[in-house]
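Asker: I have a structure here, written as structure tokens, and I will follow up with some questions on it.
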Amino acid sequence: MKKIMNEAIIKFLIIAIVLTVIMVTSPLVAISNDSQIEYDFSGTNPDFSLEESLPDGFLDDISDLDPRSSISRDLRTGELSYEAFQPSFEALNEIVKTEPFTPGEESLIDPFRIIGQDERTQITNVNAYPWSKHAFLMITYANGVTEWGGTAFFVNERTLMTAGHLLFHQRHGWASAVWVVPGGPFSNFSTHQAASIVTTQPWVSQNNWDFDYGLIRLSSNVGNQTGWYGLWAASDAQLRDQRVDVIGFPVDRGNGTMWRGNGFINRIGPRRIGFTASATPGMSGGPVVNPNEWRWAVGMFFASGATNAYNQGIRITQEVFYFYLNNR
């Protein structure tokens, strides 16, 4: 245990040095936590302003695109580009699942259990599958703000899904650097810097919460070691009243430690699901998983609900499939 703690401390120090070097040349340096946003179950955010987050003319270029189109940023060059939705993907509307991947022997671990009445349970065996396919995020934005907190999950060997607001932030603009730590800082996995990020056109141009999701692309096949989730576009009947778990790295429980909340789905919308599982800032971008089908994610946590009765997640739908298949 002492050796593991020492390795975790060394990892934190290395990451801190790297971030410090980057932030020294930034015009503004501040530290903030992944913010949890209260809003109702419909509509866009009226307080949003693009300010200077996009190049001149870029908003005009993307404003008329199909909502299923995507906006990418190359984190090595800073270049922005967009990918128009491909109508040929309509032929994929029969697909309801993508294939997960399990490294090694999956039968050795019982990944999800209900433990007493505790809705959030700390995960300590973070090096083992399936916990290894969840990643802790550290993000520096173009305005110099750095966030130590946020969650993503592997969906193939070099791509992770996460919340769009972690990649293109309401106040801070585009992420300029993203570090991914599979299993979190207390794991034995290395830290990986993202090569590029992508989110949706409605999130960038309108801050539309229905499209608050994105992808992080790595330059190496780390997922072959961690495993990854399949995506499942479950039907209303398959979701209704089902037990779900939410996995992530909440900042209120010790930044960098992994926790699991559990509860039931109590709201189903065309693009969102509501659930009673506990989830707090830092868990944004974490998967929503039916423990009876734990190889697949049916949603992704991104914010609290308008009341204390539920948290909210992006629902995995055909639109999300299109986005993933077009940008993986």
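The values are calculated or read from the model by the stated rules, or taken from the named source; none is laboratory data. The shown structure was predicted, so the numbers you read here are calculated from the model rather than taken from an experiment. With ideal geometry, Cβ positions are generated from the backbone for all residues, glycine too; neighbour counts draw on all protein chains shown.
Asker: Given the structure, is G254 among the small types (G, A, S), farther than 19 Å from F101 by Cα, at pLDDT below 90 and surrounded by fewer than 18 Cβ atoms within 10 Å (Cβ to Cβ)?
Answerer: Numbers: among the small types (G, A, S): yes; farther than 19 Å from F101 by Cα: yes; at pLDDT below 90: yes; surrounded by fewer than 18 Cβ atoms within 10 Å (Cβ to Cβ): yes.
Yes.
Asker: Could you check the stretch 202-247 and list, in sequence order, the residues that are on the phi > 0 side of the Ramachandran plot and under 17 Å from the mean Cα position of the chain (by Cα)?
Answerer: We begin by selecting, within the stretch 202-247, every residue on the phi > 0 side of the Ramachandran plot; these are 207, 227, 241.
N207, G227 - these are the residues of the stretch 202-247 that are on the phi > 0 side of the Ramachandran plot and under 17 Å from the mean Cα position of the chain (by Cα).
Asker: So T280 fits all but one of (1) within 16 Å of the chain's Cα centre (by Cα); (2) within 27 Å of S70 (Cβ to Cβ); what number is the exception?
Answerer: The failed condition is (2).
Asker: Quick check, is A175 closer than 24 Å to W294 by Cα, in the same structural domain as S69 (by TED's automatic domain parsing), surrounded by 20 or more Cβ atoms within 10 Å (Cβ to Cβ) and small (G, A, S)?
Answerer: For A175, the condition - closer than 24 Å to W294 by Cα, in the same structural domain as S69 (by TED's automatic domain parsing), surrounded by 20 or more Cβ atoms within 10 Å (Cβ to Cβ) and small (G, A, S) - is not met.
Matching residues to (1) of a type in the set (S, T, N, Q); (2) within 23 Å of L215 (Cα to Cα); (3) surrounded by 24 or more Cβ atoms within 10 Å (Cβ to Cβ):
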position: D241; (1), (2), (3): no, no, no
position: F249; (1), (2), (3): no, yes, yes
position: R272; (1), (2), (3): no, yes, no
position: T276; (1), (2), (3): yes, no, no
position: P281; (1), (2), (3): no, yes, no
position: G285; (1), (2), (3): no, yes, yes
position: N292; (1), (2), (3): yes, no, no
position: R295; (1), (2), (3): no, yes, no
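Asker: Say we look at the stretch 119-169 and pick out the residues that are closer than 16 Å to G184 by Cβ and among the β-branched types (V, I, T); which of these is modelled with the lowest pLDDT? Spell out how you get there, then give the answer.
Answerer: To start, the set of residues in the stretch 119-169 that are closer than 16 Å to G184 by Cβ comprises 120-139, 147-154, 160, 162, 166.
Add one more test, that the residue is among the β-branched types (V, I, T), and what stays is 121, 123-124, 126, 139, 151, 162.
Values: T121: 87, I123: 93, T124: 93, V126: 95, I139: 96, T151: 97, T162: 97.
This residue is T121.
Asker: Further question on the same structure: Which strands (runs of 3 or more DSSP E) does the stretch 179-290 wholly contain that include 1 or more residues that are assigned by TED's automatic domain parsing to the domain that holds T140?
Answerer: Strands (runs of 3 or more DSSP E) meeting the threshold: 196-200, 214-217.
Asker: Do we find that G313 is within 24 Å of S69 (Cβ to Cβ), within 17 Å of the chain's Cα centre (by Cα) and part of a loop (DSSP other than H, G, I, E, B) in this structure? Talk me through it step by step, then tell me what you get.
Answerer: Numbers: within 24 Å of S69 (Cβ to Cβ): yes; within 17 Å of the chain's Cα centre (by Cα): yes; part of a loop (DSSP other than H, G, I, E, B): no.
Judged against the criteria, G313 is not a match.
Asker: Residues F154, F189, F168: which one is surrounded by fewer than 24 Cβ atoms within 10 Å (Cβ to Cβ) and touching a residue at least 24 places away in the same chain (Cβ under 8 Å)?
Answerer: Being surrounded by fewer than 24 Cβ atoms within 10 Å (Cβ to Cβ) and touching a residue at least 24 places away in the same chain (Cβ under 8 Å) holds for just one of F154, F189, F168, which is F189.
Asker: Can you spot a residue in the stretch 141-150 that is in contact with a strand residue (DSSP E or B) (Cβ under 9 Å, 6 or more places away or on another chain) and closer than 20 Å to G299 by Cα?
Answerer: yes
Asker: So, in the stretch 232-260, exactly how many residues are out of contact with any His (no Cβ under 6 Å at 6 or more places or on another chain) and within 14 Å of G285 (Cα to Cα)? Reasoning before the result, please.
Answerer: Looking only at the stretch 232-260, we keep the residues that are out of contact with any His (no Cβ under 6 Å at 6 or more places or on another chain), and these are 232-246, 248-260.
Restricting the remaining residues to those that are within 14 Å of G285 (Cα to Cα) gives 245-246, 248-251, 258-260.
Residues meeting the conditions: 9.
Asker: Can you go through I247, I216 and tell me which one is in contact with a Pro (Cβ under 8 Å, 6 or more places away or on another chain) and under 21 Å from S132 (Cβ atoms)?
Answerer: None of the others qualify; the one that does is I247.
Asker: Now for a separate question. Taking the conditions exactly as written (modelled with pLDDT of 90 or more, in contact with a helix residue (DSSP H, G or I) (Cβ under 6 Å, 6 or more places away or on another chain) and closer than 21 Å to G223 by Cβ), does G299 satisfy them or not?
Answerer: For G299, the condition - modelled with pLDDT of 90 or more, in contact with a helix residue (DSSP H, G or I) (Cβ under 6 Å, 6 or more places away or on another chain) and closer than 21 Å to G223 by Cβ - is not met.
Asker: I'm checking my understanding of the structure. Among residues of the stretch 130-178 that are of a type in the set (A, V, I, L, M) and in a loop (DSSP other than H, G, I, E, B), which one is farthest from F101 (Cα to Cα)?
Answerer: A142
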